[in-house]
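Please treat every number below as a calculation from the coordinates, not as lab data. These numbers were taken from a predicted model, which means no experiment stands behind them.
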Amino acid sequence: MIDNPIASDYTTIAVLNTEEGLALVGSSALSLDKRVRENLVSTEKEAKGTKGQHAEEKVIQLAKEEKLSPTEIGASRPICLDCEELLEENNILTKTKFSGKKSKKRQ
Ligand SMILES: [Zn+2]
């Protein structure tokens, strides 16, 4: 998913894997790009969240709502400082780089 070329420059896509085998997919846009949504398989679920939330926040929030156990997250852009802290709090691993900065615009 994360290597998908349509994960465009300005929209962050995050994929959160869970112990339960369901992968949660979210974007920094209000909803997933139609072409991304159409490519979701049965073990993947869209995390909708609310406006202004980061992709990472949306997938982690959905995992909590669904009482899933997150294991690892991947994002299409470097993870901001706020989300990095969120990952630490929830013991979620990632191979994505951290930006080490707060996000300038919360979108
Ligand atoms: Zn973030």
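The alpha carbons of the chain give a radius of gyration and a Dmax of 12.4, 35 Å, in that order.
Using C-alpha pairs under 8 Å with a sequence gap of at least 6, the mean separation divided by the residue count of the chain gives a relative contact order of 28 percent.
With each run of n ≥ 4 DSSP H residues scored as -39500 (n - 2.57), what mean residue ellipticity at 222 nm is computed for the chain after dividing by its residue count and rounding to the nearest 500 deg cm²/dmol?
Values: 3 runs with 25 residues, N = 107.
So the helix-based figure for the chain works out to -6500 deg cm²/dmol.
Of all DSSP beta bridges confined to region 1-104, the antiparallel ones make up roughly 60%.
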